[in-house]
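Remarks on the structure that follows.
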Amino acid sequence: MSENRWLATGNFFTSYKAEQRIFLTHTDRLVFVCFLILTFVWPLIFEVSSKYMLVIDSILIAIVAVYGLNLLTGFAGLISIGHAAFVGVGAYTLASFSRVLGSDHVLLTHCWPLMIVLAGCVGAVFGAVVGLPSLRLKHLYLVIATLSFQMIFQWIINFMRFFNQGQTIAIGRVFWFTGKVGRQEHYIFWYYVCLVIVVILGFAVRNLLRSKHGRCLVAVRDNDRAADAMGMHPGFTKVYAFALSGFFAGIAGALHAYLWRGVGFESFTLHHSISYLAMAIVGGLGTLMGTFFGPVAILMLELQVEHIAELVGHYITAIGDVATAFRPLSFGLVIVLFLMFEPRGIANWWRITRSYFKLWPFRY
């Protein structure tokens, strides 16, 4: 890299340490810091309704969940269509405490950071267990194994009285240094909590990919036999990829339970697993930036399609069923178009734009 890290162009490195920097230039770091400050400050300047704050909070939670799925599918090459079940494991970990101790127990209301981490650990355990078939199974067979876990999860939640047979299990309001978080500041409070967690886990994922364990994920994805010949352990790598995916999903599930102040079966169905996979595909598999772009694109698309469907159903009542079909139609159409014309996702657009400014005005 050039001596002047403000005006550096191209990708010329003189050491491995320089190549593994999180921010290649000072400009990258400055842009990131400015964007981070903006995300923390804007809720204090602009007033947003609770409906849209709920959508923004849901996007941040989806980003946490897609962190795990992108590590599993994008970097490790292991396809999973049971990711919503891992998110549900984290949510129902809190629901279990609520059923045993009560929804307003001090562990749930005062020790909520510890409960979020605990939900992530439980999700990691389930992820490692579900990942054991990956020692022998690949491709479509592994897909069926993860689908089986999704079906087993749905059956257990729907038929066990302990989990209220899929009905909502309440979670109490949490406490902060200023006291109990009330109704008015509920969504703003969880916006900042989710944002902090997204930033921390984002740096964790970035540093993981710089380590030997992250490089093992990519090596096993590309060719597990070649990785084995180079001294890596493909089986262990696949299992801890599932464990990491379960950990991130468990944290997302706990955040979902606290945000909605309850846990219900309808939030962790197969449809949501497909949605998480669509977020990873649209954002860009195997890219960290795609983890952010995918949830934003899919959830904002669903919100806009919902408005269009309401408008069509209001003015043209005779084709109300067509308006209801807009959401799955647009959802499937977006996935097909991205797979056909932009398989590398929105992150590829970001890569092209960033490369232009990084190389301008030189080309080498």
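Side notes on the structure shown:
- Restricting the stretch 262-277 to residues that are of a type in the set (A, V, I, L, M) and more than 21 Å from residue 201 (Cβ to Cβ), the residue that is least open to solvent (accessible area, probe 1.4 Å) is 263.
- Test: residue in the stretch 166-173 that is open to solvent by 30 Å² or more (accessible area, probe 1.4 Å) and either among the aromatic types (Phe, Trp, Tyr) or in a helix (DSSP H, G or I) (or both): no
- Qualifying residue in the stretch 139-153 (condition: closer than 16 Å to residue 90 by Cα and open to solvent by 60 Å² or more (accessible area, probe 1.4 Å)): yes
- From the list 39, 27, the one residue that fits, being part of a helix (DSSP H, G or I), hydroxyl-bearing (Ser, Thr, Tyr) and at pLDDT 90 or above, is 39.
- Among (1) crowded, with 21+ Cβ neighbours inside 10 Å; (2) modelled with pLDDT of 90 or more; (3) farther than 27 Å from residue 148 by Cα - the single one residue 290 does not satisfy: (2)
- Members of the stretch 226-243 found to be closer than 21 Å to residue 80 by Cα, in a helix (DSSP H, G or I) and not β-branched (Val, Ile, Thr), listed by number: 234, 235, 236, 238, 240, 241, 242, 243
- Residues considered: 103, 134. Of these, the only one that is outside any helix (DSSP H, G or I) and modelled with pLDDT under 90 is 103.
- Check on residue 178, without any contact (Cβ under 8 Å) to a residue 40 or more places away in the chain and hydroxyl-bearing (Ser, Thr, Tyr): yes
- Of all residues making up the stretch 247-261, the number that are open to solvent by less than 10 Å² (accessible area, probe 1.4 Å) and more than 11 Å from the chain's Cα centre (by Cα): 5
- Against the criterion of being β-branched (Val, Ile, Thr) and either modelled with pLDDT of 90 or more or open to solvent by less than 10 Å² (accessible area, probe 1.4 Å) (or both), residue 312 does not qualify.
- Residue selection: residue 215 fails the criterion of being over 18 Å from residue 138 (Cβ atoms), in contact with a strand residue (DSSP E or B) (Cβ under 8 Å, 6 or more places away or on another chain) and open to solvent by 20 Å² or more (accessible area, probe 1.4 Å).
- For residue 148, the requirement of being of a type in the set (Gly, Ala, Ser), in a helix (DSSP H, G or I) and on the phi < 0 side of the Ramachandran plot is met.
- In the stretch 327-343, the residues that are over 15 Å from residue 285 (Cβ atoms) form Cβ pairs under 9 Å with partners that are hydroxyl-bearing (Ser, Thr, Tyr), at six or more places apart or across chains, as follows: 331/275.
The values are calculated or read from the model by the stated rules, or taken from the named source; none is laboratory data. From a predicted model like this one, the values you see are computed outputs, not experimental measurements. No Cβ is skipped: glycine too gets one built from the backbone with ideal geometry, and neighbour counts run over all protein chains shown. Side chains are part of the model used for accessible areas, which takes the heavy atoms of the whole protein and leaves out ligands, DNA and RNA. Shrake-Rupley method; radii C 1.70, N 1.55, O 1.52, S 1.80 Å.
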